[in-house]
Amino acid sequence: MSENDSKNTFETVKDSKKYSNFYQEKSKSGFGRSVLIPFFSGIVGCSLVIGTCFGVPSIKEKILGNTTSSYQTSTPTSSSNNSGIVDAVSLSNYTDTSVYAANKILPSIVGIKIEYNVTSSLYSMFGSKQQSTATASGSGIIIRSDGYILTNNHVVDSASNNSFYEISEATKISVKLYNDETEYEAKIVGQDEQTDLAIIKIDKSDLTAAELADSNQVKVGEFAMAVGSPLGMESSITCGVISALNRQITDSDGKTFTLIQTDAAINSGNSGGALVNSEGKVIGINTMKVSSTGVEGMGFAIPISSTLDITDQLIQYNKVKRPYIGIGGIDVDEETAKANNIVKGIYVKTIETFSAAEKAGIKVGDVIIQADGKDVSKMDELNEIKNSHKIGDEMTLKLNRDGKEVEVTVTLSEQP
């Protein structure tokens, strides 16, 4: 230990002794000041504290009374723009909102039951195929009072087969209306596999058509109610919020959809039903959910505004008229391009006979690298640009053919 360290340590100890002696002297000469005064001071302090405790509630009541009154008389407001910013509002009317929305939409939602024949490819002991009848259920939205109902195509499109069985097209489609046990037979008016939409119709008038909202104005966080027939239980509702917008979701068949995401529970049988806002207006068509262990509250709906032209065409033409190029293509990314000594783009694998592509001079083996001046490397990108045109419009494609760039003009025909 250094000399300075010894000094500092010593001084510290010495100061402690000094304070100890001081307090000893004080305790001998000032018992009244050191004991009695603090004792009586404590009693006085306790009295003040007790008095304050009894006094605060009255003050608190006056303060909170004013606050509560102001809160209850405030009028909830919401933003009229699409900035996503709204004023804080009271949730005291949440139940009334749900009740109002449900009462508004329920008369416009139907339950759908589909029947079809199933043929087993496993032969019985007598060597004949076994046949049975199967049923499925879904939901629909009344869009016109004269019986037109909007639903998902996968609800009514039951044609399917695998190595074990074959499912026929729907042999019967029945519809149940709200608060009506009668089963009304329906017929398919039109189907569109690309958008997963279909129109069916029942022979009944004076129905309550749903009111449609502008789904382009939907905001993340706003109220959402899913309505339909989950597991065949007609007129069921679930509530939540809008979780996200413009979700790019690819289904099991490889088709990509741009959807609204919600945490309102969507279950089997909800497909084709409505997703509505706080006013009971339809903002989307319930179409799919994420079904996996550990996943909850991830349902998706087709934005209603994107369906308007589709439904009009399905009613008028029984199909959707789309522009058509007439090629079968393969997406080629950078890695695939290097492995096959070609360029990144869309490899033309097949060309339809007498199609717009054949007439424009496109050949098998060409790689489409641009459409209307935009780089493309996926069929989805090409189709998006194509679908922005009308039948009869011209579309410019840039191709890579044997290492050289070629530009062609395609006059879009109608998709057969």
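Structural remarks
Yes/no per residue for (1) of a type outside the set (Gly, Ala, Ser); (2) under 15 Å from residue 337 (Cβ atoms); (3) touching a strand residue (DSSP E or B) at 6+ places or on another chain (Cβ under 6 Å):
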residue: 369; (1), (2), (3): yes, yes, yes
residue: 377; (1), (2), (3): no, yes, yes
residue: 384; (1), (2), (3): yes, no, no
residue: 387; (1), (2), (3): yes, no, no
residue: 395; (1), (2), (3): yes, no, yes
residue: 399; (1), (2), (3): yes, yes, yes
residue: 416; (1), (2), (3): yes, no, no
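- Subset of segment 213-271 that is at positive phi and assigned to a loop (DSSP other than H, G, I, E, B) - its residue that is nearest to the chain's Cα centre (by Cα): 221
- Of all residues in segment 302-345 being of a type in the set (Val, Ile, Thr) and closer than 30 Å to residue 276 by Cβ, the one that is surrounded by the most Cβ atoms within 10 Å (Cβ to Cβ): 304
- Residues (farther than 30 Å from residue 174 by Cα and either in contact with a Lys or Arg (Cβ under 6 Å, 6 or more places away or on another chain) or surrounded by fewer than 17 Cβ atoms within 10 Å (Cβ to Cβ) (or both)) located in segment 220-236: 220, 221, 222
Conditions tested, residue by residue: (1) part of a helix (DSSP H, G or I); (2) not aromatic (Phe, Trp, Tyr).
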position	(1), (2)
280	no, yes
283	no, yes
297	no, yes
300	no, no
314	yes, yes
329	no, yes
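- Of the residues making up segment 365-398, those that are of a type in the set (S, T, N, Q) and either more than 22 Å from residue 254 (Cβ to Cβ) or in a strand (DSSP E or B) (or both) are 370, 396.
- Listed by first and then second residue, the pairs with beta-carbon distance under 6 Å, at least 6 apart or on different chains, first residue in segment 369-384 and more than 23 Å from residue 402 (Cβ to Cβ), second assigned to a helix (DSSP H, G or I) and of a type outside the set (Asp, Glu), are 372/385.
To keep it simple, each residue is scored yes or no on (1) without any contact (Cβ under 8 Å) to a residue 12 or more places away in the chain; (2) assigned to a helix (DSSP H, G or I); (3) among the small types (Gly, Ala, Ser); (4) assigned by TED's automatic domain parsing to the domain that holds residue 254.
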site: 343; (1), (2), (3), (4): no, no, no, no
site: 347; (1), (2), (3), (4): no, no, no, no
site: 350; (1), (2), (3), (4): no, no, no, no
site: 353; (1), (2), (3), (4): yes, no, no, no
site: 359; (1), (2), (3), (4): no, yes, no, no
site: 363; (1), (2), (3), (4): no, no, no, no
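- The one condition in (1) buried (at least 20 other Cβ atoms within 10 Å of the Cβ); (2) in a strand (DSSP E or B); (3) not aromatic (Phe, Trp, Tyr) that residue 210 fails to fulfil: (2)
The values are calculated or read from the model by the stated rules, or taken from the named source; none is laboratory data. Since this is a predicted model, take the numbers as computed values, not measurements. Ideal geometry is used to build each Cβ from the backbone, glycine not excepted, and the neighbour counts take in all protein chains shown.
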